[in-house]
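Asker: Structure provided below as structure tokens; questions to follow.
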Amino acid sequence: MNPKAKVRCAELDVVESGGKVEELFAQWHPDLIAVCTDNEPSKHALNRIALSAGVVQVGAGVYDGGIGGEVYRTRPGEACYGCIADKLQLQRYTSASTATPDYSTPESGVPSTCALNLDIEQIALLQCRMILDDLLGLEAGFTGLAPEINLCVFANRIVPGTFARPWVAQFFRITRRVDCLDCAGEVEGVAEEAQRILASLSL
């Protein structure tokens, strides 16, 4: 859409080809990573790569059924996606049903939990705003979002027990975990403990 923009593409699986992604980052020197994959393995893979490269990430996820979603931002030296995901692990806004849906048989009567494009785009737009907010810098005052805010949870619709009101954003400051396996570095004694366990195994 921007005639002055230059786009370079590389089709890669970030989980399987993390080393190649790191090579591209070293060549391209990105200012920011827009994490748009919406699945946990790829988010964690990009998180580790971004930490190594010292690059800001702004990612997003849409909750089951499109009821809402989350947008997060990580900066070098602050809480990484591992810290944020750990904080939210038991608070994800998903359906309470334990039944496995069978979408291949229409007569099964299982209601679809797919998100509408409108629901997805709402969260994507919030992600774009946070990206611009970071790229333009605090002095631009693009959104006025406090710099310490690194997570936004947005409700697309009312869901009893989850979202009391529609179109409401909640803002959080997630602090860095001292025991985070991604950004806290090697935990003392882990390597020695791993060697002890391996040595005790009978092969």
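Values quoted throughout were computed directly from the atomic coordinates according to the rules given, and no laboratory measurement underlies them. Being a predicted model, the structure only gives us computed values, none of them experimental. Using ideal geometry, Cβ is built from the backbone for each residue, glycine included, and neighbour counts are taken over all protein chains shown.
Asker: How would region 123-173 be classified by its alpha-carbon gyration tensor: rounded, prolate or oblate, with rounded meaning a/c under 1.5 and the a/b versus b/c comparison settling the rest?
Answerer: Judged from the Cα gyration tensor, region 123-173 comes out prolate (a/c at least 1.5, a/b above b/c).
Asker: Would you mind calculating the gained length between residue 132 and residue 39 on full extension (0.36 nm times residue separation, minus the Cα-Cα distance), in nm to one decimal? Could the numbers behind the result be given before it?
Answerer: On the way: separation 93, 0.36 × 93 = 33.48 nm, distance 2.30 nm.
Residue separation times 0.36 nm, minus the Cα-Cα distance, leaves 31.2 nm.
Asker: Sorted from largest down, give the three principal axis spans of the alpha carbons of region 2-56, whole angstrom values.
Answerer: Principal extents (Cα only, largest first): 34, 21, 19 Å.
Asker: Related question: I need the trypsin sites (Lys or Arg not before Pro) found in region 1-94, filtered to DSSP loop residues with at most 15 other beta carbons within 10 Å of theirs. Kindly include the intermediate steps, with their values, before the conclusion.
Answerer: Numbers: sites: 4, 6, 8, 20, 43, 48, 73, 87, 92; in loops: 4, 6, 8, 92.
Sparse-neighbourhood loop trypsin sites (Lys or Arg not before Pro): 4, 6, 8, 92.
Asker: Also: Give the order of 130, 1 when sorted by the count of other beta carbons within 10 angstrom, beginning with the fewest.
Answerer: Working: 130 24, 1 3.
Exposure proxy ranking, most exposed first: 1, 130.
Asker: Same structure again: Just grab the label-to-label distance for residue 139 and residue 162, each label 7 Å out from Cα along the Cβ direction, in nm (one decimal).
Answerer: A separation of 4.3 nm, rounded to one decimal place.
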